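> Once you've had a glance at the structure underneath, I'll fire off some questions.
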C-alpha cells in the first residue's frame, strides 16, 4: 500500500479530487478534518477564526492505528487529505501533492461556501504565501513535493493527472513545487495590496 498525501488551502479541491480518484484506482480516502470530528479529537472551537482546533497528538496516534488497519486490507493506495496533512509522520508518506488555486478564484470559491470575509482573507493569504507547500518543505521526507494548479482545470483532468503521477506515466518534474508562485504574479501585477494591507 502506498500513501498519497493531498494537501492545499481550503477550496483548492482536495476532498472532491481525493474521492474522485477512487472511481479509477483501488484507493481508500481518509479526510483528517472528518476524522478529527467523528472521533472527537477536537480541543476547542475558535469562534473568531471559525475553525476547530485539533488535538494533533491524539489525531496522529489515531491516524497511525488507522493506517496500520488499512495495510491489512492492502488497498493499492491510501489517500490522506486535509489542509493540515503535513502532520502525517514522514514514514507514512510516499507521495505529496499540493493543490493550488489562483487567489482571485479561491476568493470566489470560499465566498460561495459562505465563509466570512476575514476567514476568506486568511485562507487566500495562506495560499499566496504557499503555506501548505512550506510546511512540507520543512519535513524530512524522501519524496518530491508536487503541485497542481486547479484554477482552470476540471475535476477529471486533475484526477487523471494525479493517477498518471501515481502510476509513473508522466514526468513529475513538470509538477515540482515552486512552479506556482502567486506572490510573484501579484507583485508583477502590482496587486499585493488587494490581499494584504
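Taken together, the values in this text are just the output of simple stated rules run on the coordinates, not laboratory data. Please read all numbers here as calculations on a predicted model, not as lab measurements. Ideal geometry is used to build each Cβ from the backbone, glycine not excepted, and the neighbour counts take in all protein chains shown.
> Is there a residue being part of a strand (DSSP E or B) and surrounded by 16 or more Cβ atoms within 10 Å (Cβ to Cβ) anywhere in the stretch 12-27?
Going through the stretch 12-27, the residues part of a strand (DSSP E or B) turn out to be 27.
Pick out the ones that are also surrounded by 16 or more Cβ atoms within 10 Å (Cβ to Cβ) and you get 27.
For the stretch 12-27, residues part of a strand (DSSP E or B) and surrounded by 16 or more Cβ atoms within 10 Å (Cβ to Cβ): present.
> How many of the residues in the stretch 126-153 are farther than 30 Å from residue 67 by Cβ and not in a helix (DSSP H, G or I)?
Residues flagged as farther than 30 Å from residue 67 by Cβ and not in a helix (DSSP H, G or I) within the stretch 126-153 amount to 2.
> If you scan the stretch 77-125, which residues turn out to be under 21 Å from residue 17 (Cβ atoms), exposed (fewer than 13 other Cβ atoms within 10 Å of the Cβ) and in contact (Cβ under 8 Å) with a residue 24 or more places away in the chain?
If the condition is that a residue be under 21 Å from residue 17 (Cβ atoms), exposed (fewer than 13 other Cβ atoms within 10 Å of the Cβ) and in contact (Cβ under 8 Å) with a residue 24 or more places away in the chain, then 113 is the only one that fits.
> A further question on this structure: Which members of the stretch 41-76 meet the condition of being crowded, with 20+ Cβ neighbours inside 10 Å and more than 21 Å from residue 126 (Cβ to Cβ)?
Within the stretch 41-76, 41, 63 meet the criteria.
> Being in contact (Cβ under 8 Å) with a residue 12 or more places away in the chain and not in a helix (DSSP H, G or I) is the filter here; which residues of the stretch 182-197 pass it?
Scanning the stretch 182-197 gives a single hit, 196.
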